[in-house]
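The values are calculated or read from the model by the stated rules, or taken from the named source; none is laboratory data. In this text, all values refer to a predicted model and were calculated from it rather than measured experimentally. We place every Cβ from the backbone using ideal geometry, glycine too, and count neighbours over all the protein chains shown. Please note that ligands, DNA and RNA were not included when accessible areas were found on the heavy atoms of the full protein model with its side chains. Shrake-Rupley method; radii C 1.70, N 1.55, O 1.52, S 1.80 Å.
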Amino acid sequence: MEIAPIVRRTGDAAFFERFSEKNAEKVRAFHASFPMYRETPLRPLSGLVNRLGIRGFYVKDESYRFGLNAFKVLGGSWAAARYVAKRLDIPLDELSFERIVSDEVRTRLGDVTFVTTTDGNHGRGVAWTARQLRQKAVVYMPKGTRPERLENIRKEGADASITEMSYDDAVRFTRRQAEANGWVMMQDTTLPGYSEIPGWIMEGYGTMAFEAYRQLPEPPTHIFVQAGVGSMAGAVAAFFASVYPQERKPVITVVEPLTADCVFQTAKAADGKLHAASGKLDTMMAGLACGEVCGLAWELLESCADFAIVCGDEASVEGMRLLASPVGDDPAVVSGESGAATTGLAAMLLANPSCDGIRRTLKLDGQSVILCFSTEGATDVENYCRVTGKKPFLN
Ligand SMILES: Cc1ncc(COP(=O)(O)O)c(C=O)c1O
């Protein structure tokens, strides 16, 4: 485990404003228009609180999101809606599920193919959205992707395949395919000259942050948020920095796998440049196995997040087990590898004497109220059963 402070640099206020409470509420209203919309639960873990000797521990359970087992669909669906709005000149406050899936929109839009790279969850969300819009999706996955994640995307009707490329190379391949075929690239990370859609995707994640904020019975002192390319972490950090005054802003810590540490390396270098991961992206936290930070996300993290931490797969294992077999009467949360990393890490920081230094740096103590996002359920059921010794219940 290693920690680096994120050196504060104030970014573009207008961009930051896109993640304010007012704007996140609009995005949430759009998602709330979906017939399958239910707020995902925020689970208070009182037994764990007593065991760790803190004041509060809350986990937002995204395994319930639209029956898709992860938060990611929030980004793809909002970005697709904004794409439709831009092409057809529809005001944003007129966007609703009914409108975007209507015959009128389908006819005026004609045939569209959305294309993306994914390690699982984002592609499933894009494929699901394309199906709702009665459009096509092409999805590329990095080498080593578990077949179960591929099948879940195919079930949404997408033309999905596992490539021989790393995640970051597959993203560049996707861009070339989009340009060659006239497809719409729906990527959750920026590339040179490509930032509009990733920005929309990040706005979409605002729904998760907004819900958690409204559900919390007390303000959090610490938020742990996991990062692949950092888009979700950036959106969450910007939202929570905007809703609390500076003196009460929670300490926001970005968590990554040791071998996919692009946010950590960028924070550590603190030279105003983006840095690639130092490892080979070999981690069981598939959703976090990204080698390059999203530039837009880094802008938000630099102005709102406080620390970057890297951890091994043991943090994820700890979190998966803790959430599957909770302390005392705490509710069980089905949490997959990428989802459980932050809960596991926070619990390890509080329980392990070897983490004293990091705990002091983060000012974690008996008064701390922690918020973590379990961003996915069991997306690799075989591994989930192996790690937790339990069969996941599917939400
Ligand atoms: C379950 C899960 N959690 C967290 C993340 C990280 O999101 P981001 O790539 O925006 O940092 C992902 C990304 O795919 C994911 O699938």
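Here Arg8, Arg43, Arg51, Arg28 are screened, and the one residue that is in the same structural domain as Leu350 (by TED's automatic domain parsing), surrounded by fewer than 15 Cβ atoms within 10 Å (Cβ to Cβ) and basic (Lys, Arg) is Arg8.
Scanning region 304-331 for residues that are open to solvent by 10 Å² or more (accessible area, probe 1.4 Å) and closer than 13 Å to Ala267 by Cβ gives Asp306, Phe307. Here Thr129, Thr145, Thr113 are screened, and the one residue that is at pLDDT below 95, of a type outside the set (D, E, K, R) and either within 16 Å of the ligand (Cβ to nearest atom) or closer than 18 Å to Asn181 by Cβ (or both) is Thr145. Among the residues of region 346-363, is any within 16 Å of the ligand (Cβ to nearest atom) and under 15 Å from Tyr58 (Cβ atoms)? Looking through region 346-363, at least one residue is within 16 Å of the ligand (Cβ to nearest atom) and under 15 Å from Tyr58 (Cβ atoms). Cβ-Cβ distances below 6 Å connect the following pairs, each with a first residue in region 64-92 that is assigned to a helix (DSSP H, G or I), a second residue that is away from the ligand (no atom under 16 Å from the Cβ) and open to solvent by 20 Å² or more (accessible area, probe 1.4 Å), and a separation of six or more residues or different chains: Phe66/Met36; Ala85/Leu92; Leu88/Arg108. The single condition among (1) under 24 Å from Thr361 (Cα atoms); (2) away from the ligand (no atom under 12 Å from the Cβ); (3) in contact with a strand residue (DSSP E or B) (Cβ under 6 Å, 6 or more places away or on another chain) that His275 does not meet is (3).
Only one of the listed residues (Glu179, Glu211, Glu203) is more than 9 Å from the ligand (Cβ to nearest atom), open to solvent by 20 Å² or more (accessible area, probe 1.4 Å) and among the charged types (D, E, K, R). That residue is Glu179. Of all residues in region 93-111, those that are buried (at least 16 other Cβ atoms within 10 Å of the Cβ) and without any contact (Cβ under 8 Å) to a residue 24 or more places away in the chain total 1. Val84: closer than 27 Å to Val229 by Cβ, open to solvent by less than 10 Å² (accessible area, probe 1.4 Å), at pLDDT 95 or above and away from the ligand (no atom under 16 Å from the Cβ), yes or no? Spelling it out, Val84 is indeed closer than 27 Å to Val229 by Cβ, open to solvent by less than 10 Å² (accessible area, probe 1.4 Å), at pLDDT 95 or above and away from the ligand (no atom under 16 Å from the Cβ). Here Ala160 clears all of (1) without any contact (Cβ under 8 Å) to a residue 40 or more places away in the chain; (2) buried (at least 22 other Cβ atoms within 10 Å of the Cβ); (3) over 20 Å from Cys290 (Cβ atoms) except the condition numbered (3). Scanning region 360-395 for residues that are open to solvent by less than 70 Å² (accessible area, probe 1.4 Å), of a type outside the set (Val, Ile, Thr) and at pLDDT below 95 yields Asp380, Pro392, Asn395. Quick check on my filter: what residues within region 120-139 are under 19 Å from the mean Cα position of the chain (by Cα) and open to solvent by 20 Å² or more (accessible area, probe 1.4 Å)? Scanning region 120-139 gives Asn121, Arg124. You will find that of Phe16, Phe30, the residue that is part of a helix (DSSP H, G or I), more than 16 Å from the ligand (Cβ to nearest atom), under 20 Å from Trp298 (Cα atoms) and touching a residue at least 24 places away in the same chain (Cβ under 8 Å) is Phe16 and no other. Could you tell me whether any residue of region 245-256 is farther than 14 Å from Thr375 by Cα, within 12 Å of the ligand (Cβ to nearest atom), at pLDDT 95 or above and not charged (D, E, K, R)? No, there is no match, as no residue in region 245-256 is farther than 14 Å from Thr375 by Cα, within 12 Å of the ligand (Cβ to nearest atom), at pLDDT 95 or above and not charged (D, E, K, R). Out of the residues in region 220-251 that are among the β-branched types (Val, Ile, Thr) and surrounded by 24 or more Cβ atoms within 10 Å (Cβ to Cβ), which is farthest from Pro192 (Cα to Cα)? Filtering first and then ranking leaves Ile223.
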